[in-house]
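In what follows, a structure is listed as structure tokens, so that the remarks can point back to it.
The values are calculated or read from the model by the stated rules, or taken from the named source; none is laboratory data. A quick note: this is a predicted structure, and the numbers were derived from the prediction, not measured. Ideal geometry is used to build each Cβ from the backbone, glycine not excepted, and the neighbour counts take in all protein chains shown. Ligands, DNA and RNA are stripped out before the accessible areas are found, and what is left, the full protein with its side chains, is counted by its heavy atoms. Shrake-Rupley method; radii C 1.70, N 1.55, O 1.52, S 1.80 Å.
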Amino acid sequence: MKVRFKTDAVDIEVDGKDTKDVFVQLAHSVEVFMHTTCGMCDSHSTMPVVRENGGNQYHEMRCMSCGATLAFGQRRSDGALFPKRKDKDGNWLGNSGWVKFRRAEPANDFD
């Protein structure tokens, strides 16, 4: 069974063995690929990016206008991606999880 889900920005097609399987696949796909608008600047210029560091892959949507990113975690049970909307302490992030990387200020040892 195939199902196509269309919006203004995204066209997702999934194939599954039955309605429930297709529904689950569609839900996972929509959760990842529907983030076409930046949560920081409202730009529609976003794209999926996969980075590798230390043998680990990091999946994110990146805004090409302001540089903000929406990071995705990976479930241990089946490897499915999900948008990270909370920080490492479990607190909700602002801007629907979109963040801008800011380098830490160097310590000023002269004070």
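Annotations for the structure displayed:
- Of all residues making up the range 96-105, the number that are more than 9 Å from the chain's Cα centre (by Cα) and either modelled with pLDDT of 95 or more or crowded, with 16+ Cβ neighbours inside 10 Å (or both): 1
- The range 63-95: number of residues that are part of a loop (DSSP other than H, G, I, E, B), aliphatic (A, V, I, L, M) and at pLDDT 95 or above: 2
- The set of residues in the range 68-93 that are touching a residue at least 40 places away in the same chain (Cβ under 8 Å) and either closer than 12 Å to Gly39 by Cβ or open to solvent by 90 Å² or more (accessible area, probe 1.4 Å) (or both) contains only Pro83.
- For Arg51: the one exception among (1) at pLDDT below 95; (2) closer than 18 Å to Phe5 by Cβ: (2)
- Count of the range 1-49 residues which are open to solvent by 70 Å² or more (accessible area, probe 1.4 Å), within 28 Å of Asn95 (Cβ to Cβ) and assigned to a strand (DSSP E or B): 5
- Phe5 of a type in the set (Phe, Trp, Tyr) and without any contact (Cβ under 8 Å) to a residue 12 or more places away in the chain: no
- Which listed residue, of Glu52, Glu60, is charged (D, E, K, R), in contact with a Phe, Trp or Tyr (Cβ under 9 Å, 6 or more places away or on another chain), open to solvent by less than 50 Å² (accessible area, probe 1.4 Å) and in a strand (DSSP E or B): Glu60
- Considering residues of the range 40-85 that are in contact with a Pro (Cβ under 9 Å, 6 or more places away or on another chain) and aliphatic (A, V, I, L, M) only, the residue farthest from Val10 (Cα to Cα): Ala71
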